[in-house]
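Below is one structure, written out as structure tokens; the observations come after it.
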Amino acid sequence: MTDMQRPPVELRHADELELLKQRDRKQKRPVAPGWQLSAQSVVEFVLGDGKEITGKYVGRRSLVERCVVSLATNRGLMLIGEPGTAKSLLSELLAAAISGDTTLTIQGSAATTEDAIKYSWNYAMLLAEGPTLKSLVPAPVHRGMSEGKVVRFEEITRCLPEVQDALVSVLSERRLAVPELGEYAVHAAPGFCVIATANLRDRGVSEMSAALKRRFNFEAVEP
């Protein structure tokens, strides 16, 4: 980690994550399919336990608990709030505790395309061999579904509405079709979920469709 200015949460707090795993095993806490920690340990990782686990997020316990329940029931989680309210930090902590991986992140902007969300292609291989699994380049949603991990979508409302709606079928059917490969599709493995953040006050914000809103549980993150 000495070569990194800002190591990922799962590396900075690897010792605490391992301690919580051991605690889950000793106390026989139930762990949701695809999760590395129990729901109780996820909350403790984020807020601390006053002893061996440090508090990393200053906020209401009830908010964190509702977030964990949403994700445990395979609902999308939407964190909304003013700039600087630690929405991104909370999503990163949740992803680290649940999946042990915070790298499956999409940064929303007006330039974000559907390829950056689902998948793209190695065009040299595509021209040489046509569409094959070898020429497919997985994007965060494809990887999150196949590996059963949390996908973080930062500033989703900065994306164009048609790009946002790429998530509708993924969140409802838990399936990602790749039409170029015929009937091939990725089915969500246990543990896959999406945490999105939105700042509804900035300029350049696109309104989410009603269909997409229904796929998320909204939580307001306050200062």
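The values are calculated or read from the model by the stated rules, or taken from the named source; none is laboratory data. The structure displayed is predicted, hence computed values, not measured ones. Here Cβ is always computed from backbone atoms with ideal geometry, including for glycine, and neighbour counts include all displayed protein chains. Side chains are part of the model used for accessible areas, which takes the heavy atoms of the whole protein and leaves out ligands, DNA and RNA. Shrake-Rupley method; radii C 1.70, N 1.55, O 1.52, S 1.80 Å.
Points worth noting:
- Check on GLU114, under 27 Å from GLN22 (Cα atoms), open to solvent by 50 Å² or more (accessible area, probe 1.4 Å) and free of Cβ contacts under 8 Å to residues at least 60 places away in the same chain: no
- Restricting the range 184-197 to residues that are in contact (Cβ under 8 Å) with a residue 60 or more places away in the chain and surrounded by fewer than 20 Cβ atoms within 10 Å (Cβ to Cβ), the residue that is nearest to MET145 (Cα to Cα): ALA189
- Matching entry among LEU181, LEU200, LEU212 (being out of contact with any Phe, Trp or Tyr (no Cβ under 8 Å at 6 or more places or on another chain), of a type outside the set (Asp, Glu) and either over 22 Å from GLU114 (Cβ atoms) or loosely packed, with under 13 Cβ neighbours inside 10 Å (or both)): LEU200
- Subset of the range 44-76 [part of a helix (DSSP H, G or I) and open to solvent by less than 10 Å² (accessible area, probe 1.4 Å)]: PHE45, VAL46, LEU63, VAL64, CYS67, VAL68, SER70, LEU71
- Only one of the numbered conditions (1) outside any loop (DSSP other than H, G, I, E, B); (2) open to solvent by 70 Å² or more (accessible area, probe 1.4 Å); (3) not basic (Lys, Arg) is violated by SER146, and that is (2).
- The range 153-178, residues that are open to solvent by less than 20 Å² (accessible area, probe 1.4 Å) and either on the phi > 0 side of the Ramachandran plot or not aliphatic (A, V, I, L, M) (or both): PHE153, GLU154, THR157, CYS159, GLN164
- Pair list, Cβ under 7 Å, 6 or more apart: the range 3-15 residue touching a residue at least 24 places away in the same chain (Cβ under 8 Å), other residue of a type outside the set (Asp, Glu) and open to solvent by less than 40 Å² (accessible area, probe 1.4 Å): PRO8/THR102; VAL9/LEU93; VAL9/ALA96; VAL9/THR102; GLU10/LEU17; GLU10/ALA96; GLU10/GLY100; GLU10/THR102
- Filter pass, LEU104 being within 12 Å of the chain's Cα centre (by Cα) and of a type in the set (A, V, I, L, M, F, W, C): yes
- Count - residues of the range 150-167 that are in contact (Cβ under 8 Å) with a residue 60 or more places away in the chain and over 16 Å from ALA210 (Cα atoms): 3
- Residue match in the range 82-105 (condition: open to solvent by 10 Å² or more (accessible area, probe 1.4 Å) and free of Cβ contacts under 8 Å to residues at least 12 places away in the same chain): no
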